[in-house]
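Colleague: Can you keep this structure in mind? I'll have questions shortly.
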Amino acid sequence: MGKNTLKLKVADRIEEPGNILRLRLVEASGASLPAFEAGAHLDLHLKDGTTDLWRQYSLCSDPATSNAYEIGVLLDPKSRGGSIAVHRLAQVGSTFEVEGPRNHFPLEEKAEVSVLLGGGIGITPMLAMAQRLHALNRNFVLHYCTRSDSVTAFKDLIQTAPWADKVVFHFDDQAAEQRLDLVRDLPKPSPGTHLYVCGPQGFMDWVIDTAEGSGHAKANVHREYFSADVDQSGGGFEVVAKRSGVTVRVEAGNTIAKALAAAGVKIEVKCEEGVCGTCVTDVLEGIPDHRDKFLTDEEREECTMICACCSRAATSTLVLDV
Ligand code: FES
């Protein structure tokens, strides 16, 4: 196992409402676990005879706890196989190779006001954030949106938490005044107000567009995508792997990472949909056509990095530092 790799054992498996599996993971050797920050995730290696995938899951447990990590995994039959594999493989006592914790969704812990917005399974990083903000005695509110009360996971945890009064539940099947109303529920923009959003893409797009449209600074609207619909449209282009001395053509429908792998140049990939950042590669020449959700706007504009699992080229050739 490499540096930053853990072997974790499933200590507990709890079926939450809404087809969500809550897993309690401990070090297989019994050792204590590396500390993590609210917003961090684990990369789980899902491997058996039929599956060999890496998938990212946010930590939902209290960052102050060091003897176990908790994650929540939604069973999504429409996914590319990761969630189905977790639900199948994660039996009590089974072990996983895990990388992390890594944090691409950090809290601004000194914010005057923090507004956490979780849609469905997007509640998981918000739970860690709520526990951290409570421990810091900060001013926060957590809006938790689900389709219905009956499919709302982690309700017991939330309702018995010392910060339960900071949580507002919103159910899609209830009266309009009970649903999330961003005009009513978002505070006025201010430099000290930070918003955090995680959930299905439609939910995230709605919250982000509304918040930024009403004046919240982009830098204060923090987001974590679990998955994303990647725009795969566009024609072919050439990629030069400079250090390897290899040139490949990336045809329509193929990706840079796959075209290079076929020519023997390996770029590590995990999510394959532009959300985890594993495949970020330096660009030496040419202009990327970014299709990921990982790089910041500033990083996109600099044109010095590309997510090789999904992004394409805006110029006929890209020269990469691989
Ligand atoms: S592999 Fe996750 S962003 Fe490319």
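Colleague: Using a 1.4 angstrom probe with every protein chain in place, what is the largest-first accessible-area order of V250, V240?
Modeller: Ranked from most to least accessible, the order is V240, V250.
Colleague: Could you tell me whether the chain comes out rounded, prolate or oblate from its Cα gyration tensor? Rule is a ≥ b ≥ c as square roots of the eigenvalues, rounded for a/c under 1.5, then prolate if a/b exceeds b/c, otherwise oblate.
Modeller: Verdict is oblate for the chain.
Colleague: Same structure, new question: Hey, rough spin-label estimate for T247 and K110, points 7 angstrom out along Cα→Cβ, what's it come to in nanometres?
Modeller: About 5.1 nm, to one decimal.
Colleague: Still on this structure: Pairs of Cα atoms under 8 Å, at least six residues apart: use those to get the relative contact order of the range 30-98, whole percent.
Modeller: Over the range 30-98, the number comes to 32 percent.
Colleague: Taking the dipole about the Cα centre of the chain, with the C-beta of Lys and Arg at +1 and of Asp and Glu at -1, give me whichever of T278, G264, L74 is farthest to the positive side.
Modeller: Farthest towards the positive pole: G264.
Colleague: Additional query: Grab the Cα-Cα distance for E238 and A263, subtract it from 0.36 nm times how many residues apart they are, and report the gain in nm with one decimal.
Modeller: Roughly 7.7 nm would be gained on extension.
Colleague: Can you compute the helix-only [θ] at 222 nm over the chain? Use -39500 (n - 2.57) per DSSP H run of at least 4 residues, normalise by all residues, nearest 500 deg cm²/dmol.
Modeller: -4500 deg cm²/dmol
Colleague: Determine the percent antiparallel among the DSSP beta bridges restricted to the range 237-320, to the nearest 5.
Modeller: Roughly 75 percent of the beta bridges in the range 237-320 run antiparallel, per DSSP.
Colleague: How high is the FRET efficiency from T315 to T95, r the C-beta distance, R0 35 Å, rounded to 0.05?
Modeller: 0.15
Colleague: Another one. Counting only pairs 8 or more places apart or on different chains, how many lysine pairs in the range 136-293 have C-alpha atoms closer than 24 Å?
Modeller: 12
Colleague: Just the number, please: percent antiparallel of the DSSP beta bridges in the chain, rounded to the nearest 5.
Modeller: Once the DSSP bridges in the chain are tallied, antiparallel ones form about 65 percent.
Colleague: Next question. Report the calculated FRET efficiency for S190 and S148 (r = Cβ-Cβ distance, R0 = 35 Å), to the nearest 0.05.
Modeller: For R0 = 35 Å, the calculated efficiency reads 0.55.
Colleague: Looking only at the range 98-127, which residues have a backbone nitrogen under 20 Å from a spot 7 Å from the Cα of D172 in the C-beta direction?
Modeller: Under cut-off, by backbone N: 117-126.
Colleague: What list of ³J(HN,Hα) couplings, whole Hz, do you get for the range 46-63 from phi and the Karplus terms 6.51, -1.76, 1.60, once you set θ to phi - 60° and write x for glycine and proline?
Modeller: In residue order, the calculated couplings are 9, 9, 8, x, 10, 10, 8, 9, 10, 9, 9, 9, 5, 7, 10, 7, 6, x Hz.
Colleague: Sticking with this structure for a sec: Using the heavy atoms of the protein chains and a 1.4 angstrom probe, tell me the accessible area per residue for the chain in square angstrom.
Modeller: 46 Å²
The values are calculated or read from the model by the stated rules, or taken from the named source; none is laboratory data. Predicted model only: the values in this text are computed from it and were never measured. Cβ atoms come from the backbone with ideal geometry, glycine included; neighbour counts cover every protein chain shown. In case anyone asks, the SASA skips ligands and DNA or RNA and just uses the protein heavy atoms, side chains included. Shrake-Rupley method; radii C 1.70, N 1.55, O 1.52, S 1.80 Å.
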